[in-house]
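Only the coordinates and a few stated rules stand behind these numbers; no lab work does. Here the structure is a predicted model, which means the values were calculated and not measured. Counting neighbours? That spans all protein chains shown, and the Cβs are built from the backbone with ideal geometry, glycine included.
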Amino acid sequence: MKPLRVAMIAPPWFELPPAAYGGTESMCADLASRLVARGNHVVLVGVGRNGTAADFRATCDHPQSDRMGQGIPEVVHAAALPAILSDLRVDVVHDHSLAGPLLARGRSVPTVVTAHAPVTGDMGRYYRGLNGSVHLVAVSNAQRRLAPDLDWVGTVHNGIDVAAFPFRRDKQDFALFLGRATPSKGIPEAIAAAAEAGLPLRIAAKCREPEEREYFRREIAPLLGPGVEWLGEVDRVVKLELLTAARCLLFPIRWDEPFGLVMVEAMACGTPVVASRRGSVPEVVAHGETGFVCDDHASLVAALRRVDQLSADRCRAEAVRRFDVDLMSARYEDVYRAAVAESPHVFEAVPVTRTAAAR
């Protein structure tokens, strides 16, 4: 098939790929690079410097991570898109940002939007406002079931470059929590379950925003002590060391998370997942094979006590079979081609002329 020409819009918070925290950014970076490797032309619109194989346009010369969650960086990022896209001839725009899709309605080429955010409450109302103007992709079937009235065009599980993750069969005697310091992630639940199971716990968590720091001070710090090690936010090197060495990833979420990329990263390293039955967990974790899907505190404890019975090789094999970036990229290509086929205005795909500003 003729190569596709894709403008990919990343969020404004982190450079791609992110140095530490940033699940959406990791997925976006891997997708952009693999689409290029598959013969497509990709222009990535982001912030700071570019670490992907795609051509690049920046809306800001530095990441906005210190303002994460504020509206202005998103709006400024989106406001730069019309001028950037006017200089490109693309078949499709793939937007991973929050405010960017608001500009899709008047665009002459189709816009694919991945719903990385929850689709309930205010965010559900936001996505409903986009109905008829974008091609909306879910990251899990569980996410789609929460809002079946949205204009879904398909489900594409987030993927990773499995080959870039080290694999290890022999594990150390600790469980790992990897995520953010927020109530929805269940850090106190992880501490309680690991303590009752007699398994040391290491906690690597993003804790930089005021709400996260306050939650740590109020709810997490009093629970730290023997058997519970707080590591804070870690970079990719340390993250991979932890994921390969841990007996399991402990993921006791307290909300219907659309997709937990860290579960796939753990499996790629041969590390099973012990998680709560919420959101996409039953869709990602094969119960009794790549981890345990648990209904309550008692089942979390029981799972931790027998998680070493699971096969590291099976975890890795399932990550390759179901969640590798090449499969994700092929599925997005199908979404792009379907969107282009519905569009009355399709530009010819032509190579990008790389300018000094784009490097």
Checklist entry - Rounded, prolate or oblate: which one fits the range 93-207, using the alpha carbon gyration tensor with axes a ≥ b ≥ c (rounded when a/c is under 1.5, else prolate when a/b beats b/c, else oblate)? => result prolate
Item to check | More than 25 angstrom apart: percent of Cα pairs within the chain | outcome: 53
Checklist entry - Among 102-113, 15-26, 213-224, what's the highest-first ranking by average C-beta atoms within 10 angstrom per residue? => result 15-26, 102-113, 213-224
Next on the checklist: To test your reading of the geometry: what angle, between 0 and 90 degrees and rounded to tens, separates the Cα axis of helix 312-323 from the longest principal axis of the chain?
Outcome noted: 20
Checklist outcome for this item: For the range 162-319, the Cα-Cα pair-distance distribution in 5 Å bins from 0, as whole percents, is 2, 10, 21, 24, 23, 14, 5, 1, 0
Next on the checklist: Would any residue of the range 45-78 have its amide N under 17 Å from a label point 7 Å out along Cα→Cβ of residue 184? List them or say none.
Outcome noted: 68-71
Item to check | Residue among 161, 91, 122 with the largest mean-square fluctuation in a Gaussian network model of the chain, springs linking Cα atoms under 10 Å | outcome: 122
Next on the checklist: Under 27 Å between alpha carbons: how many lysine pairs meet that in the chain, if sequence neighbours fewer than 8 apart on the same chain are excluded?
Outcome noted: 6
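Using Cβ counts within 10 Å as a stand-in for footprinting exposure, how do 185, 206 rank, fewest first?
By the 10 Å Cβ count, ascending, the order reads 206, 185.
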Item to check | Inter-site label distance for residue 314 and residue 224 at 7 Å from Cα along Cβ, in nm | outcome: 3.6
Checklist outcome for this item: Out of 258, 12, 200, a Gaussian network model of the chain with alpha-carbon springs under 10 Å gives the largest mean-square fluctuation to 200
Checklist entry - Which value in deg cm²/dmol, rounded to the nearest 500, describes the helix-derived mean residue ellipticity at 222 nm for the chain, given -39,500 (n - 2.57) per DSSP H run of n ≥ 4 and division by the residue count? => result -10000 deg cm²/dmol
